[in-house]
Amino acid sequence: MQLRKFPILVGCAIFIVFLAAVVGRSEGWHGTTAGSALPLEEWAQVDAVAGRFTVYSYGRAPYNRGAPFLTLPERRMFSDGAVAFTNHWPVITDVATGLAAGQSHQGPSCGGCHALDGRGRVHNMADLHMSGLSVPAPVAGATERVYRYPMYHDPNARRLDDVEWRTARRVTLPEGKTIELVEPVALVDGQEMKLPLRTSPGVYGLGLIELIPDADILAHAANGTGQARLSDVPGEEGRIARFGWKAKFATLDAQVRDAMVLELGLVDLSKDVGEESAALVALETLLTDYIRMLAIPARRIDDETRILAGARLFQDVGCIECHKPAWETSSAPHIPKEYRGVAIYPFSDFLLHDMGPALAEPGGSPDASFWRTPPLWGIGAQQGVVPGVGFLHDGRARTLTEAILWHGGAAQASTNRFETLSARDRADLMDFLDSL
């Protein structure tokens, strides 16, 4: 089965919808019907969140299973991809100069940050360099660069030594319980530095998210709950970006290629690098095909009454406005049949939202406080897979409760509602999230 590159054409009608969506502002909620047209009972209780891609896997590693329908040749491809995902890749250097050919180096392997294909550990870790934290690529024109692993012979490279977690504020809930919210402080060459950080998200389900039609995302953006962003990556012009914390990429190919260059320190495939180029193109193919074939763990619904109650609160509080439950993949004939028309429940709108000054990254860029809504499917199993993972873009939230309390900006009204819930209602809401 050919899994490479699933283009989705964007016509004039879509562009018209985009013009309406891209000027929409994330200034508040617009009722619960915008989040989902489905009856609450359907999206609240569905367990097969990815149709034929769903696996009922609740063990130590629920995220790195292959889709159940894979043929024997596909399973061999999947196995080869799994090896590539966990393999340690050396930084490629220019033989003539001894300088690193890549632009960055955050870690030696994909699996070193995306632990067991899920989120990376950022709290309670013994070694920063085995964590899921990384430093974004420097802005254009910047000379000083900070890496988890500085390049050899790079006079401009500085080393991210450690990250300290310091209390930012405390929130007291109605029953008197106090929640301490922490934020990261980067230590670079032994000195504190205001530095944007990223934590590694899970990689399961990305192949299905890639196949959501652009027109469907634009139609939801037209409700005014968030902003769609066009990809400016070469080859993706005109496509709606849906990958990356800042919604940068429209296709999995571009996301993986970027990670190879900026996270693994491998050479830029857009440049002529001789014999190494073919090997790296093959590696990109192996990794993208592997990720596309990953299954998604089914939901764990133990108490339907409480789950339904929590789902209703998820809706009433306003979470559903950004964490849209349901989508469907494209039915275009060029897509392999197993991927066509799959009803999926990722719980995200894939749009950018202003999350307020508390979550703005350093640097003062115009979109510093804007973040793409991360999918929630599979999130309930995460702490059991890798204790010490973090939620939100830099992993600061140690629990989902903390993650909600950090929401500001366009989500501030929802956070306020969450804070006023009774302990029992809040527990029901968290039970619903844990079931995802």
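The values are calculated or read from the model by the stated rules, or taken from the named source; none is laboratory data. All values reported here derive from a predicted model rather than from experimental measurement. Reconstructed Cβ throughout: ideal geometry from the backbone, glycine too, with neighbour counts over all protein chains shown.
Could we say that Ser348 is of a type in the set (Ser, Thr, Tyr) and either surrounded by fewer than 18 Cβ atoms within 10 Å (Cβ to Cβ) or within 25 Å of Val49 (Cα to Cα) (or both) here? The answer is yes for Ser348. Taking the criterion of being surrounded by fewer than 21 Cβ atoms within 10 Å (Cβ to Cβ) and of a type in the set (A, V, I, L, M, F, W, C), the residues of the range 387-404 that qualify are Leu392, Leu400, Ala403. Selection of the range 22-58 for residues being in contact with a strand residue (DSSP E or B) (Cβ under 9 Å, 6 or more places away or on another chain), in a helix (DSSP H, G or I) and at pLDDT below 85 yields only Val22. Just checking, does the range 343-357 include any residue being of a type in the set (Gly, Ala, Ser), closer than 24 Å to Ala186 by Cβ, in contact (Cβ under 8 Å) with a residue 24 or more places away in the chain and out of contact with any Asp or Glu (no Cβ under 8 Å at 6 or more places or on another chain)? Checking the range 343-357: at least one residue is of a type in the set (Gly, Ala, Ser), closer than 24 Å to Ala186 by Cβ, in contact (Cβ under 8 Å) with a residue 24 or more places away in the chain and out of contact with any Asp or Glu (no Cβ under 8 Å at 6 or more places or on another chain).
Yes or no: Thr401 in contact with a helix residue (DSSP H, G or I) (Cβ under 8 Å, 6 or more places away or on another chain), in a helix (DSSP H, G or I), under 24 Å from Tyr345 (Cα atoms) and without any contact (Cβ under 8 Å) to a residue 60 or more places away in the chain? Step through it out loud before you land on a result.
Working: in contact with a helix residue (DSSP H, G or I) (Cβ under 8 Å, 6 or more places away or on another chain): yes; in a helix (DSSP H, G or I): yes; under 24 Å from Tyr345 (Cα atoms): yes; without any contact (Cβ under 8 Å) to a residue 60 or more places away in the chain: no.
In short, no.
In the range 94-104 there is no residue matching the filter, namely being of a type outside the set (A, V, I, L, M, F, W, C), farther than 22 Å from Pro375 by Cβ, surrounded by fewer than 20 Cβ atoms within 10 Å (Cβ to Cβ) and modelled with pLDDT of 95 or more.
Can you tell me which residue in the range 318-341 is farthest from Glu74 (Cα to Cα), limited to those that are in contact with a strand residue (DSSP E or B) (Cβ under 7 Å, 6 or more places away or on another chain) and touching a residue at least 24 places away in the same chain (Cβ under 8 Å)? Walk me through it before giving the result.
Just the residues of the range 318-341 that are in contact with a strand residue (DSSP E or B) (Cβ under 7 Å, 6 or more places away or on another chain), to begin with: 322, 326-329, 341.
Within this subset, residues satisfying the condition of being touching a residue at least 24 places away in the same chain (Cβ under 8 Å) are 322, 326-329.
On the way: Cys322: 35, Ala326: 28, Trp327: 26, Glu328: 24, Thr329: 21 Å.
This residue is Cys322.
Selection of first residues in the range 66-78 that are in a helix (DSSP H, G or I) and of a type in the set (A, V, I, L, M) and of second residues that are surrounded by 12 or more Cβ atoms within 10 Å (Cβ to Cβ) and modelled with pLDDT of 95 or more, restricted to Cβ pairs under 7 Å at least 6 apart or on distinct chains, gives the following pairs, ordered by first then second residue: Met77/Asp289.
Looking at the range 106-125, which of its residues are in a loop (DSSP other than H, G, I, E, B) and crowded, with 23+ Cβ neighbours inside 10 Å? Please lay out each step first, then the result.
Looking only at the range 106-125, we keep the residues that are in a loop (DSSP other than H, G, I, E, B), and these are 106-109, 114, 118-120, 122-125.
Scanning the range 106-125 gives Gln106, Gly107, His114, Gly118, Arg119, Gly120, Val122.
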